[in-house]
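The values are calculated or read from the model by the stated rules, or taken from the named source; none is laboratory data. These figures come from a predicted structure and were not determined experimentally. All Cβ positions, glycine included, derive from the backbone under ideal geometry; neighbour counts span all protein chains shown. Each accessible area value is taken on the protein alone, full model and side chains, heavy atoms only, with ligands, DNA and RNA left out. Shrake-Rupley method; radii C 1.70, N 1.55, O 1.52, S 1.80 Å.
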Protein chains: 2
Amino acid sequence: MATGRAHRPATRSRGIPEATVARLPLYLRALTALSERSVPTVSSEELAAAAGVNSAKLRKDFSYLGSYGTRGVGYDVEYLVYQISRELGLTQDWPVVIVGIGNLGAALANYGGFASRGFRVAALIDADPQMAGKPVAGIPVQHTDELEKIIQDDGVSIGVIATPAGAAQQVCDRLVAAGVTSILNFAPTVLNVPEGVDVRKVDLSIELQILAFHEQRKAGEEAAGDAGVVPPVAARKQQPAADQGPDGDVPAVMPA
Amino acid sequence: MATGRAHRPATRSRGIPEATVARLPLYLRALTALSERSVPTVSSEELAAAAGVNSAKLRKDFSYLGSYGTRGVGYDVEYLVYQISRELGLTQDWPVVIVGIGNLGAALANYGGFASRGFRVAALIDADPQMAGKPVAGIPVQHTDELEKIIQDDGVSIGVIATPAGAAQQVCDRLVAAGVTSILNFAPTVLNVPEGVDVRKVDLSIELQILAFHEQRKAGEEAAGDAGVVPPVAARKQQPAADQGPDGDVPAVMPA
DNA sequence: CCATCTTTGTGCACGCGTTCACAAAGACAT
DNA sequence: ATGTCTTTGTGAACGCGTGCACAAAGATGG
């Protein structure tokens, strides 16, 4: 993963395995693309290819949701989009606050992928008084003092932390105390949270370090005289990447 | 005692599990913080708490690297920092190119966590001719036309894609053709790459969707009359989540 | 209605990762 | 040296996730 998470041994969350949940957004993205092309149905094989996973895995994943396919035909795209959206809770609107409007925070505020998935940026918050009132992505930045009020007034349950590492735990505590129960953490720190609060972290530097490890390994084997794992550029044949799963990495931004 | 240790006999990186590799950067971060506080040694229990993992897991992870601890004492911080850095390939400099200098690309260019870990931004690349020459994070943006030349001249093997989804595969193909063998992908698309090329992806929207799933589940259980997983705000008591130690707060390793 | 063909849904086996629990190793005091 | 105490390193058990392979289900055509 990439991605990483920090919590309990999974209470039977509706019976859907964590690994499956992590892949549902992937399927949803692929299905949305098909939907926009007005494709009516899709087979597990096709959809799996589009999502970059194994078709057996995809079918097993869907089997946890129920029997939404038709044998001999495949899956109804629109219906499946709806079912996955519902399962992920995307049929409702999720107000989100972003704390720490530096370069990264601003980038997140401008990121289009949120709104299109049912996430609404309820507020941008920064500790710097200079930032207050300044509009970012069309939304005026508010000072940290307003944090509790905003969260309670808007019923925010998801917070994004994009502050420097030193401020992250403090911000986290305030978010949680105010009622936030899910946190996406971009600060390079381990967050302490009470039970019942979910934390997912995205550490850019960690992802690069994992790549560096493999890069070094490749270089080492190459230098070892053995025929390199990577054939000459011209000889390589295009081929889907083995695995891009969030686990990695278990992956994920942020994963991990 | 830091220095006098016997040399490891060829740590075959082949034997290090992927899950362990993904955690090494986490340990490294915690160790760096300890190092800056001039802490000479640390026990597996303490370090595990600081990194937010189980101590048994940490010991097993380290066992794949070799026997670097001293029973009854713990691990020598400096020595371990060095060993992990070496294992991850961070003792050498990794030139990195960032393609797509929008909000996110600019944020990445400004991210301090790269330089401090041995990653050097060799170039910023954007398809927009308007951007060419404009400095971002002190580095002038170059046009996509220069991509191949830059990669070959600087021997770049790691590329970061921060373009819109539509351009990602095309950029990826050019990166790979020019010699890049590791890619960190921020675009919400599945990338096709030849064998031997590593891809890690970070998708902000996916992480939020996973949080939304758990959030919905929490809300559902609460509404189902069952005693909610999350007690009322006022009643919650601060408590380390799962396996994160009580200490937890490791002061800012890196500025962000 | 029957045969055939496609594709789903899943039982099963396997491998990886996690965790427990403890023997071995070394520090330290006497 | 001897004993005690702390902490590592790891064997073994367990659980989860993955992928194979196939039977069941339904569509389609004659």
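The listed peptides A:38-45, B:189-196, ordered by packing as a protection proxy, come out as B:189-196, A:38-45 (highest mean of other Cβ atoms within 10 Å first).
When the C-alpha to C-alpha distance is required to be over 29 Å, the pairs from A:134/B:134; B:149/B:201; B:60/B:218; A:134/B:218; A:149/B:57; A:149/A:201 that qualify are B:60/B:218; A:134/B:218; A:149/B:57. Neighbouring Cβ atoms from other chains, within 10 Å of the Cβ of residues in A:158-170, number 3 on average. What shape does the stretch B:94-204 take by its C-alpha gyration tensor, where a ≥ b ≥ c are the square roots of the eigenvalues and a/c under 1.5 counts as rounded, a/b above b/c as prolate, and the rest as oblate? Because its axes are fairly even, with a/c under 1.5, the stretch B:94-204 counts as rounded.
Across B:78, A:146, B:87, the residue with the most accessible area heads the list, and the full order at a 1.4 Å probe is B:78, A:146, B:87. Gap in Å between the Cα centre of the stretch B:110-133 and the Cα centre of the stretch A:84-131? With the stretch A:84-131 and the stretch B:110-133 each reduced to a Cα centre, they are spaced 25 Å. For residue A:174, the accessible area of its heavy atoms, probed at 1.4 Å with every protein chain present, is near 70 square angstrom.
Rounded is the label for the stretch B:13-88. Its Cα gyration tensor axes, ordered a ≥ b ≥ c, give a/c under 1.5. Summary of packing: across the peptides A:112-125, A:175-188, the per-residue average of other C-beta atoms within 10 Å ranks them, highest first, as A:175-188, A:112-125.
Secondary structure note: in the stretch B:94-204, about 10% of the DSSP beta bridges are antiparallel. Using a probe of 1.4 Å on the protein chains alone, the accessible area found for residue B:128 is around 60 Å². Once a ≥ b ≥ c are taken as the square roots of the eigenvalues of the Cα gyration tensor of the stretch B:29-162, is the result rounded (a/c under 1.5), prolate (a/b larger than b/c) or oblate (a/b not larger than b/c)? Taking the square roots of the gyration eigenvalues as a ≥ b ≥ c, the stretch B:29-162 is prolate.
Per the accessible-area calculation with a 1.4 Å probe, the total area buried between chain A and chain B rounds to 8400 Å². Shielding value for B:50-57 is 2, the average number of Cβ atoms from other chains within 10 Å of each residue's Cβ.
Counting Cβ atoms of other protein chains within 10 Å of each Cβ in B:16-22 and taking the mean gives 6.
Placing a pseudo-label 7 Å from each Cα along the Cα-to-Cβ vector at residue B:57 and residue A:18 gives an inter-label distance of 0.7 nm.
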